Amino acid sequence: MDNDAAPKFRPSFGASGRRFAHPDTFPQPAGSRIKAAYDRANIALAKDFSGLTTDGEKADGLFPIMKTGVSTGPVVDAANALRALLTEAQWDEATFEVDDDAWRRWHNMHIFLMRHGLMLEELGPAQRDAALALIEASSSAAGYESARDIMKLNEHAGEITGRLEEFGEWYYWISLFGEPSPTEPWGWQIDGHHLIVNCFIYGDQMVMTPDFRGSEPVAAKSGKFAGTHVFDEEEANGLALMEALTPEQ
């Protein structure tokens, strides 16, 4: 494989939330579980992707291409503003073809297995703000607040465990797919511990899925982000559903 065609994934050295850790380097029994998951992912990535199904057969026409009448111009502008602040080398590291399998190379664990794109921790303040502005332009106010609070609580996880090499507010990777455009397909992804958002845009149509959000803990009672909390409403709704079920259900 020539250098231009080589996949833009980070090299296999170190073992933390910031640097790639090969599954074989983890102590047992965690190593076996992580390696099994990693191997399953690579087998799946080697296959053509046609979506998720209930029976293995693809169903066409579920999500038709259609006009929404809502401009995605602010999202395109935010992506171009980020581009203007990045060096050529950074932009090259951050971008992929629109159909690259990097879309599928994400995982929830804090350990560094399949990360790609630009790590927010390694960006300058203005560059980082521009990356956040892209997420904000694509999200509702509540959705953006949720994403930022999850990132802050990841820092709090580092505070309470003392493992700041593994957990941090900026241990998240931003990637762009295709060229930001008002007419052609493109998108972006943020990937990291407890926060993975995939945003695909075609004209004025936007799809934000898969979208994975979590936190442990869900509230900071001390430290830099004391008072930050997430998922209060979701927890209340989940508990109400459980309490509404019969023992048999």
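The values are calculated or read from the model by the stated rules, or taken from the named source; none is laboratory data. Predicted model, so just to flag it, every value in this text is computed and none were measured. Cβ coordinates were reconstructed from backbone atoms using ideal geometry, including for glycine residues, and neighbour counts include every protein chain displayed. Ligands, DNA and RNA are excluded from the accessible area calculation, which covers all protein heavy atoms including side chains. Shrake-Rupley method; radii C 1.70, N 1.55, O 1.52, S 1.80 Å.
Here are a few things to note about the model shown:
- Scanning region 30-53 for residues that are modelled with pLDDT of 85 or more and of a type in the set (S, T, Y) turns up S32, Y38.
- Any hit, region 212-223, residues being surrounded by fewer than 16 Cβ atoms within 10 Å (Cβ to Cβ), part of a strand (DSSP E or B) and at pLDDT below 95: no
- Qualifying residue in region 98-108 (condition: more than 15 Å from H193 (Cα to Cα) and open to solvent by less than 30 Å² (accessible area, probe 1.4 Å)): yes
- Within region 53-83, if we keep just the residues that are charged (D, E, K, R) and assigned to a loop (DSSP other than H, G, I, E, B), the residue that is most open to solvent (accessible area, probe 1.4 Å) turns out to be K67.
- Considering only residues in region 200-249 that are of a type in the set (D, E, K, R) and closer than 18 Å to W170 by Cα, the one that is farthest from the chain's Cα centre (by Cα) turns out to be K224.
- Per the conditions (1) open to solvent by less than 30 Å² (accessible area, probe 1.4 Å); (2) more than 16 Å from E155 (Cβ to Cβ); (3) hydrophobic (A, V, I, L, M, F, W, C), the sole criterion not satisfied by L241 is (1).
- Boolean, A94 is in contact (Cβ under 8 Å) with a residue 40 or more places away in the chain, open to solvent by less than 20 Å² (accessible area, probe 1.4 Å), closer than 13 Å to W188 by Cβ and touching a Leu at 6+ places or on another chain (Cβ under 9 Å): yes
- Across region 84-127, the number of residues qualifying as acidic (D, E) and assigned to a loop (DSSP other than H, G, I, E, B) comes to 3.
- Qualifying residue in region 31-49 (condition: closer than 29 Å to I201 by Cβ, assigned to a loop (DSSP other than H, G, I, E, B) and in contact with an Asp or Glu (Cβ under 7 Å, 6 or more places away or on another chain)): no
- Close pairs (9 angstrom Cβ cut-off, 6 or more residues apart or separate chains): at positive phi and among the hydrophobic types (A, V, I, L, M, F, W, C) in region 223-249, at pLDDT 95 or above and open to solvent by 60 Å² or more (accessible area, probe 1.4 Å) anywhere: F231/R213
- Of the residues making up region 164-183, those that are more than 24 Å from A89 (Cα to Cα) and either part of a strand (DSSP E or B) or open to solvent by 40 Å² or more (accessible area, probe 1.4 Å) (or both) are L164, E165, E166, P182, T183.
- Any chance P247 is open to solvent by 30 Å² or more (accessible area, probe 1.4 Å), touching a Gly at 6+ places or on another chain (Cβ under 7 Å) and more than 19 Å from E159 (Cβ to Cβ): no
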